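The values are calculated or read from the model by the stated rules, or taken from the named source; none is laboratory data. Keep in mind it's a predicted model, so treat the numbers as computed, not measured. The accessibility values were calculated without ligands, DNA or RNA, using every heavy atom of the protein model including side chains. Shrake-Rupley method; radii C 1.70, N 1.55, O 1.52, S 1.80 Å.
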Amino acid sequence: MQGPSVRLTAFKDQNAGIAYTAAWARARAPKAYGGTIHSTRKAGAYAKFRFTGRQVAWGRQSPSTLMPAI
């Protein structure tokens, strides 16, 4: 039995389609996809990402002491 087809697309964190609030900082991260990451510890900070589709997954860096991605 086959399920529906799935297409995965990865975007670098500095993609122009992602809009971060000023609370976010960009840092070099050689092991990250694209070599950089954005991070924040400020409550209420957010990022906007427009896409066409039904689902999106957002990853985060370990360790688990960092704020979880939603």
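Rolling a 1.4 Å probe over the protein chains gives residue 33 an accessible area of about 130 Å².
Couplings 3J(HN,Hα) for region 42-58, derived from phi with the Karplus relation 6.51 cos²θ - 1.76 cosθ + 1.60 (θ = phi - 60°), are 7, 4, x, 5, 8, 10, 10, 9, 8, 8, 9, x, 10, 9, 9, 10, 10 Hz, where x marks Gly and Pro. Under 5 Å between amide hydrogens, which residues at least 5 positions from residue 20 or on another chain qualify, with H placed 1.01 Å from N in the peptide plane? It is 48, by chain and number. Stretched out straight at 0.36 nm per residue, the stretch from residue 11 to residue 26 would grow longer than its current Cα-Cα span by 3.9 nm.
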